[in-house]
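Q: Shown below is the structure under consideration.
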Amino acid sequence: MEHPIKILIVEDNVIIADDMQSMLEEIGYEVVDNVIVYEQAVEVLKNNHVDLVLIDIILASDKTGIDLGKHIRKNYNIPFIFVTSNSDKATVENAKTVKPDGYLVKPFEQQDLYTSIEIALSNFNYAQKANEKSNLDTKAGESFTSNSVLKDSIFVKKQHLYYRIQFSDIQFIKADNVYLEVNTVDKKFLVRSPLKDYLEKLPKNKFFRAHKSYIVNVDHIDAINSKDIMINNNLIPISKEFKEFIISSMNS
């Protein structure tokens, strides 16, 4: 059974805090608590399971949201997002010292809140996996925060926006020098990543390396011959191994 993401709100403006809670619950998140000062937040974190914290930088206590960010980094392995009306350079620089997983400037819309949370969670989860992998493998690897993975989709950055693409909508991915061309039914996105690394992020029961330069979603294959497959009128070359795999799958 899947549980909703549990979020703690730390915001000393009660009207804004209630508004945030309504937005979050409407989306489907669970608000664990809604508190106004550092000390209350510390107590909630100690006694509850929390997946993510939304923190106003300026709080109605001596200790700021930045202090709370330091406390979370030291004691908990969870992401947090700074929510603030201060976007001046000094505040941003100070906030950056605790490495928040997101930074949301008031006023914001529900969509902004949703996107910030989903990206923070997916980047955090991806970073965790990368850290686990690097602990096992000391070879240097790249972290691709511009294409982060959720359970049923992946975020791809295009200009200044992150687009959430359902795995089921991805038809094929083509390697082009240092970039990948991610093809959906009606759009193309360019991503900077090795093909092999990208394949690891995709569901293993749907996506396969059809050729040294292509990953394909088998659900979108329209036709096949001895050398190629067709997806949405695109002819894609296939390796001998992939042809054998597809034929055996069709016969099973």
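Q: Go through the range 87-102 and count every residue that is in contact with a strand residue (DSSP E or B) (Cβ under 8 Å, 6 or more places away or on another chain) and open to solvent by less than 70 Å² (accessible area, probe 1.4 Å).
A: Looking only at that region, the number is 6.
Q: Follow-up. Can you pull out every residue in the range 207-252 that is at negative phi and touching a His at 6+ places or on another chain (Cβ under 9 Å)?
A: Within the range 207-252, ILE231, ILE236, PRO237, ILE238, SER239, PHE242 meet the criteria.
Q: Restricting to the range 204-217, and then to whatever is open to solvent by 40 Å² or more (accessible area, probe 1.4 Å) and not polar (S, T, N, Q), can you tell me which residue is modelled with the lowest pLDDT?
A: LYS204
Q: Restricting to strands (runs of 3 or more DSSP E) lying wholly in the range 1-114: which have 1 or more residues that are of a type in the set (S, T, N, Q) and modelled with pLDDT under 90?
A: 80-84
Q: Give me the pairs: first residue in the range 181-200 and over 19 Å from ASP169 (Cβ atoms), second residue open to solvent by 90 Å² or more (accessible area, probe 1.4 Å), beta-carbon distance under 7 Å, and six or more apart or on different chains, which are they?
A: ARG192/TYR179
Q: Filter the range 49-65 down to residues that are among the hydrophobic types (A, V, I, L, M, F, W, C) and within 24 Å of GLU118 (Cβ to Cβ) and give me whichever is surrounded by the fewest Cβ atoms within 10 Å (Cβ to Cβ).
A: Once the filter is applied, the top-ranked residue is VAL50.
The values are calculated or read from the model by the stated rules, or taken from the named source; none is laboratory data. Only a predicted model underlies this, so the values are computations on that prediction, with no experimental measurement involved. With ideal geometry, Cβ positions are generated from the backbone for all residues, glycine too; neighbour counts draw on all protein chains shown. These accessible areas exclude ligands, DNA and RNA; they are computed on the full protein's heavy atoms, side chains included. Shrake-Rupley method; radii C 1.70, N 1.55, O 1.52, S 1.80 Å.
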